[in-house]
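Working notes for the structure below.
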Amino acid sequence: MSDNEAPTNGEGSVPGASDQNATPATSDSPAAADASTPASADAITNDAPGQGQSPGDGASGERPQGEGEDAHKKKRRRRKKTKTKEGGGAPAVRAPGADTKSPAELIELAFAALGSAYVDLKRRAGGSRLDGKDSGDAVEMTIQLPLRRGGIKAAAESLVTKLRGDLEKRVMDAGLVVPGRVWNFASESFDSPWSRPEDPRHVLVGYGLEGRPRWADLVTLAIERKHEAVEQLLSGREGAVAFAERGDAITEGVKPAFEPESIPFRLVGQLVCGLFESTEAGRRVALTVQVLASPSENNGERLLCHPVSAVDLADLPDPNIRKILSNFETQLIECAKKLEGKRAAGETPDVQEEVLPLLRELARRLSQDAKNRTRKTEHARDRGDEGRPTTMAFPEARSARDHHIYMDNEESTIVVVGKKGRIHVFSPDGRHVTSVVMPPPNVRQRVKSGRWRLAGGDERNSFRNALGNA
C-alpha cells in the first residue's frame, strides 16, 4: 500500500438523499446513482418542496393537470428505476476518510498481530517452559519493514525463521527440549542439521557410529519390516502402521563411541506411526513420539512426551492428535510416580519395559482415532451430497471471530456462525455435533429469543483450547 492510499471497506456513507437542501436526482444525473434511499410515492406528492420535489413543482399546493401530471408520473417512474433488486436505494455516498485509521491505530493492530505470532512461535519452539526463566511483558526486536506490498510475504517468512531460531536457541541454552528435534550425539545437543526430519514421512530409525540421527520413510520401513497393515497404509488409511521400541534399540548404533545412558534426556522408548493427513492436499505426515527421561529431585526421573515431525503438530488439521498426546503425557507423569514408589520400596524397575505398554496403547488410540475420523469423513461426504456443510466445521470454527461464537442455552452446546448461512454445533470440549444451513432470520430469532447468546470470554477460550487453537 502506498503512502497516499487509505484502506476502506465501503461502509462509510453520507446521507445526502435525506438532505433537505439536496436537488432532486434524475436517472440521467450523477446524483441519482449516489442517492441513499429513493423517495416514496407519498413523499413526491407532498406540498412542500423537498427531496422528491423541486421548488417549482406544485409550489402553490396544487398539482397542474394534463401535461404536468404526465411529467409527474414520468418522474415517479424514473425514481423507481433507481431502486436495487433488493428494494433498497442506490449505493450511498461514502464519506471521505470515514474508515481510515490513524497511523497509531494501524501500528496498534500490527503490534497485536505480531504479538500473537510471537506467542505462537514461542509455544512451537518449546518456549512455554521458559516462563519461569524468561519473564517480561515486552520483547525487543529489530525488523526490516518492506514498503512495497510485493515484499511483505518474503519479509514475514524471514522474520518467522529468525524469531523461531532465536527462541529455539534460548530453549536449548536453558537445557530444555525443543519440539520436533532429536538428540544428536555428535554435537551433544538438539541443535544440528540432522536433528530434524527433512521430509514429512520420515521417522527416526536409529543412529550411526558418528552419532548422527538416521531417518527413513515410514512407508519404506513398513514394507521392509513386513508390517501386517502395509496394504492398508498403501491404500491411504490413516494411522495404519506403528512400531513401538525400547530406547536402547534406537541408540544401540552409537556405542561404543558414545554412552546413551549419560545424556541429559535419555531415550527410554519410541513410537513411530502414520501416516496422518496434513493441511497440504495429498501430503501426509509421519510421527516419531519419544519418551525421554531426565533427572528429578530425590534421585528420581521425569518422563517427557517428545513428538518429532517435519510438520508442527499445531499445523495438523486434526486436533485429536494433540489431545491424545497430551493425555499420554499425563500417563507418563503417573508412570514416573509409580516408578518412584518402586524405587522407594527398594526395587530397581526397568523404565523401558514400563513405558513400552504405554507406547503400544498410544499407537492403538492414534489408530482408532484415525479410523473414527475416516468414518466421519465418509459420513460427512454423504451428508455433503445432501448439501450439509460438515467439511467446513473445523476450519470455520478455528477462524471464527468472537461475535460469531454463541452458546445454546437449551442444548449447552457451542454454536459457530459460518459463511453462507452455515451453522456448526460443537460440544464444549470441541467435538463436532452437526452442521446445517440456516437462514439469517432464523439465526436472529434464536438470538432474540434468548436461546442463543454470545459466548463469554472464558467459554470462547475453553472452546478454542479444545480445538487446539490456544
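A few notes on this one:
- For the pair K420 and E228, the difference between a 0.36 nm per residue extended length and the Cα-Cα distance amounts to 64.6 nm.
- Computed on region 202-382, with alpha-carbon pairs under 8 angstrom and 6+ residues apart, the relative contact order is 20 percent.
- Subtracting the Cα-Cα distance of E280 and D402 from 0.36 nm times their residue separation leaves 41.2 nm of extension gain.
- Relative exposure of I321, I107, I223, judged by other C-beta atoms within 10 Å (fewest first): I107, I223, I321
- Near the amide H of R302, within less than 5 Å, lie the amide hydrogens of S294, S296, all on another chain or at least 5 residues away, with H placed in the peptide plane.
- Taking amide hydrogens as placed 1.01 Å from N in the peptide plane, the amide H of R201 sits under 5 Å from those of A286, each at least 5 positions away in sequence or on another chain.
- Label-point separation in nm, S235 to K162, each point 7 Å along Cα→Cβ: 5.1
- Separation in nanometres of the label points that stand 7 Å from Cα toward Cβ, at L209 and F111: 5.9
- Region 272-363: C-alpha gyration tensor shape, a/c 1.5 cut-off, then a/b vs b/c: prolate
- Subset of K226/K255; K162/K337; K226/K337; K255/K342 violating a 32 Å alpha-carbon distance limit: K162/K337; K226/K337
- Note on L114, L106: ascending count of other Cβ atoms within 10 Å places them as L106, L114, the fewest first.
- Per-bin percent of Cα-Cα distances, region 410-459 [5 Å]: 5, 19, 29, 30, 14, 3
- Taking amide H as placed 1.01 Å from N in the peptide plane, G269 has its amide H under 5 Å from the amide H of G247, V291, each at least 5 places away in sequence or on another chain.
- Segment T374..I324, full-extension length gain: 16.3 nm, with 0.36 nm per residue of separation and the alpha-carbon distance subtracted.
- The HN-Hα couplings worked out from phi for region 291-298 by the Karplus form 6.51 cos²θ - 1.76 cosθ + 1.60 (θ = phi - 60°) are 10, 10, 10, 9, x, 10, 5, 6 Hz, whole numbers, x standing for Gly and Pro.
- Sites R149 and S128, calculated FRET efficiency, Cβ-Cβ separation with R0 25 Å, nearest 0.05: 0.15
- Using θ = phi - 60° and Karplus 6.51 cos²θ - 1.76 cosθ + 1.60, couplings along region 393-403 (whole Hz; Gly, Pro as x): 4, 6, x, 6, 5, 5, 9, 5, 7, 4, 7
- Sequence of R398, R124 once ranked by neighbouring C-beta atoms within 10 Å, starting from the fewest: R398, R124
- Low-density loop positions, trypsin sites (Lys or Arg not before Pro), region 286-343 - DSSP coil, at most 10 other Cβ in 10 Å: none
Readers should treat all values here as calculations from the given coordinates under stated rules, not as data from a laboratory. In this text, all values refer to a predicted model and were calculated from it rather than measured experimentally. Every residue, glycine as well, gets a Cβ built from its backbone with ideal geometry; the counts of neighbours run over all protein chains shown.
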